[in-house]
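Remarks on the structure that follows.
Quick note: the coordinates plus some simple rules give every number you see, no bench work behind them. Being a predicted model, the structure only gives us computed values, none of them experimental. Positions of Cβ are backbone-derived with ideal geometry, glycine not excepted, and every protein chain shown enters the neighbour counts.
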Amino acid sequence: MTVALVTGATQGLGLALVEGLAQRLEPTDTVYLTGRYIDRVTAAVQAMPGSGAQVRGELLDVSDPGSVNRFAKQLTERHGGVDIVFGNAVMRMGPDDDPHAIIEKYAEVNNFGTTRLLRAFAPLLRDNGRLLVVASSLGTLHHLAPVLHKRFTEPSSLDELDEQIEIWRDAVLERRTSAWPAFINIPSKIGQVAAVRILAGQRRAHDLEHGILIASVCPGMMNTPTSALWWDVSAAPTPAQAAIGLLDMAFDPVKPEQYGELVRFGEVVPFS
Ligand SMILES: NC(=O)c1ccc[n+]([C@@H]2O[C@H](COP(=O)([O-])OP(=O)(O)OC[C@H]3O[C@@H](n4cnc5c(N)ncnc54)[C@H](OP(=O)(O)O)[C@@H]3O)[C@@H](O)[C@H]2O)c1
């Protein structure tokens, strides 16, 4: 029986990933549609078409260590492990938001939420498992001043990376941004890609031997309320269309060159 999990699945890409997973899996399989508010989770589960795998709703707030650890424990007790994990949750931010006012929550959800997810669920991956973090093509070092690159290339553990994210968060909080870009999505996405690279560096030999793929993925520009705050996305692909390539990575044989990398439309996007 295949067990899959999607974070931030109450709308947008996360919801489309759940629907796509359910369609591609069998009625004996389980897809967990998770989110931070139980009423939104319940409504999203009820709106599912109902074919394919069983879709179960669960509360999973990635900004809450207790919530993440509790669900990892439940999953282990129920199933003994997990086969497919999509880390997709993101805190929505618009051009009118003051980075100084939102940075603590933003880093908590998007960055510490990612490292929390990796720590909790990577050890539960079964053979042929997939752990895919939805990032963005903004998550490469080209978007960052060279003086800052080593903050994302030198850490060799998720704890060390979290320390660098804290330094960035505190700089934004205290308005000492100097070389950091004003668009906080950039360091945040680079941090997500760096987290995946670090975890992959630690697990590579084991995972490739066991058919496991850990990678970050870019869905490309999509038409969601989040992107519509920034760009004209009226002609962009829907979340369901953007989900197809990501779902293919969950079901196709592992391409070793993608292991640990940021992948966009099937191609590796160089980190530096
Ligand atoms: N949209 C684009 O064009 C685009 C392009 C490149 C990359 N991406 C990436 O694709 C991913 C999905 O983007 P999207 O546009 O689909 O976003 P979205 O529509 O804003 O959906 C974000 C999801 O994350 C959930 N969430 C927020 N905080 C959470 C928390 N603390 N714990 C758990 N879930 C939480 C939201 O829940 P609620 O329903 O409760 O708010 C929602 O379900 C993101 O990682 C984004 O950066 C998007």
For the chain, the count of lysine pairs 8 or more apart or interchain whose alpha-carbon atoms are under 27 Å apart comes to 5
Go ahead and set up a Gaussian network model of the chain, Cα springs under 10 Å, then flag whichever of Val68, Val233, Val217 fluctuates most.
Val233
With springs only between Cα atoms under 10 Å apart, run a GNM on the chain and tell me which of Trp168, Trp180, Trp230 wobbles the most.
Trp230
Most packed first (mean Cβ within 10 Å per residue), the peptides 172-179, 25-32 order as 25-32, 172-179
Using r as the Cβ-Cβ distance of Thr153 and Ala235, and R0 as 25 Å, what FRET efficiency do you calculate, to the nearest 0.05?
0.10
Give, as a single signed number, the net charge of other residues whose beta carbon lies under 9 Å from the beta carbon of Gly35, with Lys and Arg counted +1 and Asp and Glu -1.
0
Ratio of Rg to Rh over region 143-202 (Cα coordinates, Kirkwood Rh, two decimals)
0.95
Convert each backbone phi in region 184-195 into a coupling constant with the Karplus relation 6.51 cos²θ - 1.76 cosθ + 1.60 (shift: θ = phi - 60°), then list the ³J(HN,Hα) values in order as whole Hz, x for Gly and Pro.
5, 4, 5, x, 5, 5, 4, x, 5, 5, 4, 4
At q = 0.12, 0.18, 0.19 Å⁻¹, what is the log10 ratio I(q)/I(0) for region 148-272, with the Debye formula run over Cα points and no solvent?
-0.56, -1.08, -1.13
Remind me, relative contact order of region 3-269 in percent, using alpha carbon pairs under 8 angstrom and six or more residues apart?
19 percent
Would you kindly compute the Cα radius of gyration of the chain and its largest Cα-Cα separation (Dmax), both in Å?
17.5, 53
CD proxy, 222 nm, the chain: helix-only mean residue ellipticity via -39,500 (n - 2.57) per DSSP H run with n ≥ 4, per residue, nearest 500, stands at -13500 deg cm²/dmol
Which residue fluctuates most in the GNM of the chain (Cα springs below 10 Å): Ala145, Ala195, Ala89?
Ala145
Taking K and R as +1 and D and E as -1, what net charge do the other residues with C-beta under 13 Å from the C-beta of Ser157 add up to?
-2
